[in-house]
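Colleague: Dropping a structure here in structure tokens format, bear with me for questions.
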Amino acid sequence: MKFFGALFLVTATLLPYPALATQNASPSGPPGSINDQVQAAYRAGATAVANNDFKTAETQFETVVRLMPQIEEGHSALGAVLISLGKLPAAIQELEKAVSLKPGDMSAKANLALAYQETGSNQKAIILFKEVESAERQNPDPSHCLRRFQWRTLGRWLPPAKFRQRSKR
């Protein structure tokens, strides 16, 4: 399976889990217990991603989405993991939901653009890549420079090892 660059974006997608605690809990249980479950699942998913255990991460982020479907971060993280697993239609569904919940999330948009590109929806991908590039110009965060360089110069995403090999030439 081709590397999609999702590993690079998964890290950007994973926000600090305390942000999840401030969200409204589902009415199906006491707020503290739902928040605790969501935080635990999110932490477990983030740890699984760090350990390259994407199947476990998928299960944990599915739990986050099931318990708090109104939280964009769960959909975004799940979508990024699904890209890594090659489950592109499911990834697109989760990332579209994430973008609809939080239109300003550039990591979700970049991941969605990657998924669109890999499924042949190039026009949709180009639109999102341009949005991400425009937002990154307005916010010159150094961590975004690599993505901008890859998009402009290479026209596609490369794994870090291949990027380093190509840049040494």
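Colleague: Take the residues of the stretch 97-113 that are closer than 20 Å to Gly86 by Cβ and more than 10 Å from the chain's Cα centre (by Cα): which is surrounded by the most Cβ atoms within 10 Å (Cβ to Cβ)?
Modeller: Ala113
Colleague: Next question. Please find, within the stretch 85-96, the residue that is farthest from the chain's Cα centre (by Cα) out of those that are assigned to a helix (DSSP H, G or I) and small (Gly, Ala, Ser).
Modeller: Ala90
Colleague: In this structure, does Ala125 turn out to be in a helix (DSSP H, G or I) and farther than 21 Å from Glu58 by Cα?
Modeller: yes
Colleague: Would you pick out the residues in the stretch 86-103 that are among the small types (Gly, Ala, Ser) and touching a residue at least 24 places away in the same chain (Cβ under 8 Å)?
Modeller: If the condition is that a residue be among the small types (Gly, Ala, Ser) and touching a residue at least 24 places away in the same chain (Cβ under 8 Å), then Gly86, Ala91, Ala98 are the ones that fit.
Laboratory data are not the source of any read-out in this text; all were calculated from the coordinates shown. Being a predicted model, the structure only gives us computed values, none of them experimental. Neighbour counts run over all protein chains shown; Cβ positions are idealised from the backbone, glycine included.
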